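Single-structure report; data block below.
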Amino acid sequence: MATHPVPNIPAIYADENDYWTVRSALQADEKSLCFTAGFVSTPTEAKAAAIVSALKAHEKEALYGKLDDSGSFIEHAHQYMPAKHIIDTTKLLSIAKRAPKGSLLHCHLDAMLPPLDSLIKSARNRKGLCLSLDMKSDSPNWIQDALPSFIMLPAEDAEKAATLSFFDPAFVPGVHGKGIAYKPGTYVTWRRFCDEFPGGVTAAEDFVAKRILLNREDVYHSSQTVDGIWHQFNRAFATMRGLLLYQSAFMEHFRLVLLDLVADNISYAEIRVAFHRHNDVWSDDGTRTLPRAELFGLMEICIKDEIAAAAAAGKTFYGIKIIFAVLRSGTTEDMEYAMDECIVLKQAFPNLICGFDMCGQEDAGFPLTHWVPSLLRMRAKCNELKLDLPFILHAGETLSHGTETDGNLYDALLLNSKRIGHGFSIANHPLLMSMYKRKSIDQAGKSGFTVPLILASAPSCVGSRAYFQQEVATMSTTITETRPQYTKLILRSNRGTVTRDVSTAEPRAASLEEIPVIDLSAINGSLAERQAIAARMKEAATTSGFFYISNHGIKESVIRNAAGTVHVSPSESVDNKESFQWRYDPRYDPMHSQSSLSSISPEVLAGIRGEEFVWEGTKHIEGFKDASITYWQECLSLARRLIRLFALALDLEEDHFDSLVTYPGADGVYNFYPGKSPAEAAVAKDVGLGSHTDLQCFTLLWQDLIGGLQVLTRDGQWIKATPIPGTIVVNIGDFLQRVSNDCFVSTVHRVFSRARSGRISMPFFFGFNFNEKVGVLESCLSDGEVAKYEPMSCGESNRCVTRGRLWLWGIALLMVIVMIVGILFASHVYYHAMGGQGFLKAKRYEEVENTQNNGTQLYLPMRKIEKAVQGKYFWEVVGRSPKNIPFYTCGDQLNGCDSFGQPVSKHRYPRILSYKKS
Ligand SMILES: O=C(O)CCC(=O)C(=O)O
Ligand SMILES: [Fe+2]
C-alpha cells in the first residue's frame with residue numbers, strides 16, 4: 001500500500017563517498033514521510049532550539065550522573081519518578097514552565113492535581129464528611145493497605161457516625177465502593193478519624209494521600225503489569241471520588257485546576273469529567289445531589305471568572321471545555337441515560353461541552369463494538385437536533401494487537417471520533433494510521449492550521465461566552481452576515497392587544513442568565529434564605545419572566561405517575577397537540593376539609609369551575625384520576641409556597657397573597673405533542689403550540705426531556721428552554737404582570753415540536769381566587785408613579801382575553817351559518833328544479849289530494865316549474881308557494897324528474913342535465 005518510492009540500495013558501493021551519498025538520500029526520503037516533513041523553523045525558533053540544546057547538554061553534565069542523598073545514581077533521561085527531584089531543579093523545566101503551551105487536550109479532572117493541595121485540604125474540618133474502610137484497625141498492615149471511601153452525610157447521620165470510632169476494636173468496617181447509602185456502623189467521621197489517627201491529622205492526611213498517589217514501587221516494580229497499575233488507579237479513584245463529589249470540594253478543585261493551567265501557561269484545555277449516572281456531586285450538607293445543570297452553571301461562572309482574572313494578570317487563557325465522560329463498563333440503560341443527559345446539557349451549555357467519551361480501563365470494560373448501537377442512537381439524536389457534539393473516544397490505549405479492544409481503533413474511526421486517546425497501538429495499523437492522518441489533515445485544513453495526528457483539530461478554544469464572542473469576532477471575515485428578518489406577532493392580554501416584532505432567525509439555546517436555575521432547597525429555611533431565593537426569582541421575573549426551579553419538593557414518583565398516564569389517554573390519531581385539562585375543585589384541595597366546603601360564599605363559589613365530568617370521561621384509564629389529582633395537589637401546595645416568595649420578591653409581607661389563594665385559579669393540564677418522522681418534520685408547517693402568554697399569576701410547567709419549549713426574548717429572539725432533568729419551568733402570567741405594574745413580565749412562549757418521539761408537558765396554571773379584585777401593588781410604584789391599570793379580578797382578566805378571542809369565534813360561527821344556509825338554499829332550489837317541493841318541507845297528503853285531479857295520484861307540476869325555470873332566474877323559483885305545487889317528498893322515484901322527463905334549462909342547470917343523462 002505504501003506509495004512512496006523505496007530508495008535504491010546498491011549491492012556494491014563504488015567507494016566510501018558513494019556510501020555516504022546513498023545514506024543521505026535514504027535519510028532524506030525517510031524524513032519526507034515524517035509528520036514534521038516540510039517544517040521550517042523561523043530564526044527565533046532556531047535560536048530558541050539552539051539555547052535549549054546547549055542547556056540540555058550542560059545540565060546533562062552538571063546535574064546528572066552523580067550519587068544523590070539517597071545513594072541513588074541518577075543518569076540523564078532516567079525513569080521519571082526517581083529523577084523528578086533533579087528535574088525540578090533544572091533550568092530546562094523552568095523554561096518549559098514559562099513557555100506558552102497552546103492546548104492541553106487529554107486530561108481527567110480528578111487526576112490533575114496532587115490531592116494534598118486540593119481535595120484533602122478541602123476535607124479539613126468538614127463536619128459531615130465521613131469515611132468507611134475495608135479493614136479493621138487491628139488488622140496487620142491496615143495503614144499500608146486499607147482503602148478509605150468518603151461520603152458527605154446529612155447532619156443527623158454524621159452525628160450518628162461521630163459516635164463511632166474506627167479505632168474501637170468492636171468497630172465493624174464498611175465495604176468499600178458501596179458508599180452511597182449510609183449504613184450505621186460502617187462510617188466514622190473524618191474529623192474523629194483524624195483526631196484519633198496515630199500521629200494526628202497530618203499522618204491521617206498522609207495515609208489518604210498515599211492511597212491516591214502512585215509511588216515508585218507501584219510504577220516501576222519489575223513484576224508490575226498493565227492490570228496491576230489499573231488496579232492501583234481504580235483504588236486511587238475510589239478514594240478520591242467521595243473527596244471530590246461534594247459541592248465546595250468539587251468547585252475548589254475545579255478552580256485550582258484552572259489556576260494551575262494558567263500558571264503553566266496553557267491557554268486552553270479540554271478536560272474529561274466523569275459524569276456517569278449516580279456520579280453526582282452532593283450539596284455540602286449531604287442532603288441532596290446537585291442537578292447537573294446547576295453544577296454546569298457553577299463551572300461556567302468559575303471559568304468566566306478565571307478567564308477575567310488571567311486577562312487582568314496579562315496571561316492568555318481562553319478557558320476550558322468539558323468532555324462528558326462515562327464509564328465504559330456500565331449498563332446500557334445507564335449509558336443511554338448519560339448520553340441523553342449529555343445531549344440535554346449540550347443544548348443548555350453549548351460552549352461548555354465539547355465532546356463525549358467513554359473512560360475506564362479500555363480492555364476491562366466493554367469494547368466500542370458493544371456500544372455501537374447506543375453510540376449510533378446518540379449520533380442520530382444529535383443530528384436530529386443539529387447538535388455539534390462529537391465523540392472524542394479513548395481507543396488504542398492498550399498495546400494488544402488483534403484483540404477486541406484493539407478493534408476500538410476501527411470503531412473510533414468509523415464513528416468519526418474527533419480525536420482518539422491514546423492511540424498507542426495505532427502503530428500496528430498502517431492503514432488506520434494513514435486514514436487518521438488524512439482525517440486530521442482534513443479537519444485541520446477546515447480549521448485553518450495543521451497539527452499532528454492525535455492532537456489534531458482543536459480549532460476553537462471556547463470556554464466562555466466572553467471568548468465565544470472573541471472567536472466570532474475573529475471569524476467575522478469569513479462569515480457572510482445575514483440580517484435577521486422580523487415578523488409581527490399580535491397577542492391579546494388583559495392589557496389589550498399587544499404587538500411584537502419577532503425574529504425569523506433559528507432559535508438559539510438560552511444561557512443560564514437568561515433562564516436561570518433557582519434552587520428551592522432552602523424554601524423552608526430561615527427568612528434570610530427565603531429572601532435570597534425571592535431575590536433570584538425577582539431577577540428572573542423582571543428580565544426573562546422564565547426560570548427553572550430545582551429541589552422543588554415534588555417527588556419524582558408523583559411526576560412519573562402523572563406523566564405516565566398521559567401515554568395512555570390520547571388517541572393514536574392526535575394531530576398536532578392534544579390536551580386534557582381540569583380546573584380547581586375545592587373538594588380535592590388539601591387546604592379544605594369536606595365540612596368547610598358548605599360554607600363557601602356564593603361570590604367565591606361563582607368563580608369555582610371544577611368539572612367532575614372530565615373524570616367521568618377518563619374512568620376507563622386505570623389510576624388516571626388519582627395520579628392526576630395527586631400531582632395537581634403537589635403543584636397547588638408548591639404554588640402556594642411560591643406565591644409567598646413572590647410576595648417577598650415584590651417587597652411585600654410574605655403572607656400578603658395568602659388570603660387571595662384560598663380558592664385559587666389552579667388548572668391542571670396534560671399536553672401531548674405527537675412525534676414526527678424526519679419526512680413529516682421536514683414539511684411540517686404547524687408550530688406545536690402557538691405563541692402566547694399565560695393568563696394567570698404564574699405557571700409551573702413540567703416537561704419531559706424531548707424539548708421544544710421556546711421563549712421570546714425582549715429583543716424578539718426565540719430561545720430554547722431546554723429541559724433540565726429534575727427541574728420545573730416557572731413563567732410569569734399576565735395577571736402578575738398587571739398587578740406588578742409591568743415590573744414582572746409575562747413572556748411570550750410557544751412549543752415547536754418536531755422531534756421523532758412524542759412530547760409530554762404538564763402545565764399547572766395558578767392565579768388568585770377568581771372573585772378577588774386586585775389592583776396594582778403599592779410596592780411596585782415608586783414615588784409619584786401612577787398605576788397603569790385599574791383593579792380587576794383574575795376571573796375578569798381571563799374573560800378579557802377570551803372575550804378578545806370571542807369576535808374571532810363570532811366570525812367563524814357566522815361563516816358556518818352562512819355556509820349552512822347556502823347549502824340549504826342551494827338544495828332547496830335544486831329540489832324545486834327537480835320538480836319537488838323543496839328541501840325539508842312537510843309532507844301534507846290532504847292538500848295533495850285536494851289539488852290533484854282525482855286525489856289518488858301524485859303528479860309533478862310540470863308546466864309551472866318549466867315556466868319558472870325557463871323564464872326566471874333560479875332564485876325566483878324559490879318564491880313558489882305550496883299553492884301552485886303539490887306536496888311530495890324529494891327522491892320519490894315514482895314521481896321524480898326521471899319518470900316525468902321534466903325539462904330544465906341547459907344553461908342554468910348543467911349539472912342537473914348531466915344527472916338526467918346518466
Ligand atoms: O407544552 C409546553 O411546554 C408549554 C405549554 C404551554 O405553554 C401552555 O399550555 O400554556
Ligand atoms: Fe403557556
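The values are calculated or read from the model by the stated rules, or taken from the named source; none is laboratory data. Keep in mind the model is a prediction, meaning the values are calculated, not measured. As a convention, Cβ positions derive from the backbone with ideal geometry for all residues, glycine included, and neighbour counts pool all protein chains shown. Areas reflect the complete protein model, heavy atoms only, side chains present, ligands, DNA and RNA absent. Shrake-Rupley method; radii C 1.70, N 1.55, O 1.52, S 1.80 Å.
Determine how large the accessible area of Arg191 is when every protein chain is in place; take a 1.4 Å probe and give Å² rounded to the nearest 10.
100 Å²
Can you give the accessible area per residue of the range 494-574, in Å², using a 1.4 Å probe?
Numbers: 3780 Å² over 81 residues.
Normalised by residue count, the accessible surface of the range 494-574 is 47 Å².
Given the pairs Lys386/Lys437; Lys321/Lys685; Lys31/Lys56; Lys121/Lys315; Lys31/Lys91; Lys346/Lys676, which are separated by over 29 angstrom at their Cα positions? Walk me through the numbers before you get to the answer.
Values: Lys386/Lys437 27 Å; Lys321/Lys685 37 Å; Lys31/Lys56 24 Å; Lys121/Lys315 27 Å; Lys31/Lys91 31 Å; Lys346/Lys676 23 Å.
From the list (Lys386/Lys437; Lys321/Lys685; Lys31/Lys56; Lys121/Lys315; Lys31/Lys91; Lys346/Lys676), the Cα-Cα distance tops 29 Å for Lys321/Lys685; Lys31/Lys91.
Where a ≥ b ≥ c are the square roots of the eigenvalues of the C-alpha gyration tensor, would you call the range 608-760 rounded, which needs a/c under 1.5, or, failing that, prolate if a/b is larger than b/c, or oblate? Numbers along the way, then the final one.
Numbers: a/c = 2.25, a/b = 1.23, b/c = 1.82.
Oblate shape, in that a/c is at least 1.5 and b/c is the bigger or equal ratio.
List the trypsin sites (Lys or Arg not before Pro) within the range 580-623 that DSSP assigns to loop and that have no more than 13 neighbouring Cβ atoms inside 10 Å.
Numbers: sites: Arg583, Arg587, Arg609, Lys619; in loops: Arg583, Arg609, Lys619.
For trypsin sites (Lys or Arg not before Pro) across the range 580-623 that sit outside H, G, I, E and B with at most 13 neighbouring Cβ atoms in 10 Å, the list reads Arg609, Lys619.
According to the square roots a ≥ b ≥ c of the eigenvalues of the Cα gyration tensor, what is the shape class of the range 20-149, taking rounded for a/c under 1.5, prolate for a/b larger than b/c otherwise, and oblate for the remainder?
On the way: a/c = 2.52, a/b = 2.05, b/c = 1.23.
Prolate shape, in that a/c is at least 1.5 and a/b is the bigger ratio.
Using a Förster distance of 51 angstrom, determine the FRET efficiency expected from the C-beta separation of Ala62 and Arg277, and round it to 0.05. Let's see the in-between values first.
Working: r = 54 Å, r/R0 = 1.06.
The formula returns an efficiency of 0.40 here.
Evaluate Rg over Rh across the range 49-99, taking Cα atoms for both radii and Kirkwood's formula for Rh.
Details: Rg = 11.2 Å, Rh = 11.5 Å.
Answer for the range 49-99: 0.98.
Quote the FRET efficiency, to the nearest 0.05, computed for Asp206 versus Asp658 with a Förster distance R0 of 51 Å and r equal to the Cβ-Cβ distance. Walk me through the numbers before you get to the answer.
Numbers: r = 57 Å, r/R0 = 1.12.
Here the calculated transfer efficiency is 0.35.
Which FRET efficiency value, to the nearest 0.05, do you get for Leu431 and Ser557 by plugging their Cβ-Cβ distance into 1/(1 + (r/R0)^6) with R0 = 51 Å? Provide the component values of the computation, followed by the final result.
Values: r = 53 Å, r/R0 = 1.04.
In this case the efficiency is close to 0.45.
Could you check the simple spin-label distance between Val172 and Tyr486, using points 7 Å along Cα→Cβ, in nm with one decimal?
The modelled label-to-label distance comes out at 7.1 nm.
Which whole-number value in Å² is the accessible area per residue of the range 666-709, probe 1.4 Å?
Per-residue accessible area for the range 666-709 comes out at 34 Å².
Show the residues, 5+ positions off or on another chain, whose built amide H is closer than 5 Å to the amide H of Gln696.
Amide H to amide H, under 5 Å and 5 or more residues apart or across chains, Gln696 pairs with Asp734, Phe735.
How large is the accessible surface of Phe73 in square angstrom, using a 1.4 angstrom probe and rounding to the nearest 10?
Surface accessible to solvent at Phe73 totals approximately 110 Å².
Of all the C-alpha pairs in the range 137-287, what % are more than 26 Å from each other? List each step's numbers first, then the result.
On the way: 3938 of 11325 pairs.
Cα-Cα pairs in the range 137-287 separated by more than 26 Å: 35 percent.
Using the crude model of +1 on Lys and Arg Cβ and -1 on Asp and Glu Cβ, and no other charge, please compute the dipole size for the range 204-255 relative to its Cα centre, in debye to 20.
Details: 6 positive and 6 negative charges, 22 e Å.
Magnitude of the dipole: close to 100 debye.
Could you state the accessible area per residue of the range 362-446 in Å², with a 1.4 Å probe and every protein chain left in place?
Numbers: 4090 Å² over 85 residues.
It amounts to 48 Å² per residue over the range 362-446.
Go through Asp138, Asp667 and list them by solvent-accessible area, largest first, probe radius 1.4 Å. Intermediate results must be reported in sequence, preceding the final value.
Details: Asp138 100, Asp667 10 Å².
Ranking Asp138, Asp667 by accessible area, largest first, yields Asp138, Asp667.
Could you please put Lys31, Lys439, Lys555 in sequence from largest to smallest accessible area, using a 1.4 Å probe? Don't jump to the answer; show the numbers that get you there.
Working: Lys31 140, Lys439 35, Lys555 115 Å².
Largest accessible area first, the list is Lys31, Lys555, Lys439.
Let a ≥ b ≥ c be the square roots of the eigenvalues of the Cα gyration tensor of the range 728-779; is it rounded (a/c under 1.5), or, if not, prolate (a/b larger than b/c) or oblate? Mind dumping the intermediate values first?
Details: a/c = 3.99, a/b = 2.28, b/c = 1.75.
In terms of gyration-tensor shape, prolate.
Could you tell me the accessible area of Phe646 in Å² (1.4 Å probe, neighbours in place), rounded to the nearest ten?
0 Å²
Evaluate the relative contact order of the range 731-819 (contact order divided by residue number), counting alpha-carbon pairs under 8 angstrom at least 6 apart; express in whole percent. Could the numbers behind the result be given before it?
On the way: 73 pairs, mean separation 23.7, N = 89.
For the range 731-819, the relative contact order is 27 percent.
I want to check the label-to-label distance for Glu252 and Glu217. Put each point 7 Å from Cα in the C-beta direction and report it in nm to one decimal.
3.0 nm
Whenever you get a sec, line up His552, His85, His58 from highest to lowest accessible area (probe 1.4 Å, protein heavy atoms).
His58, His85, His552
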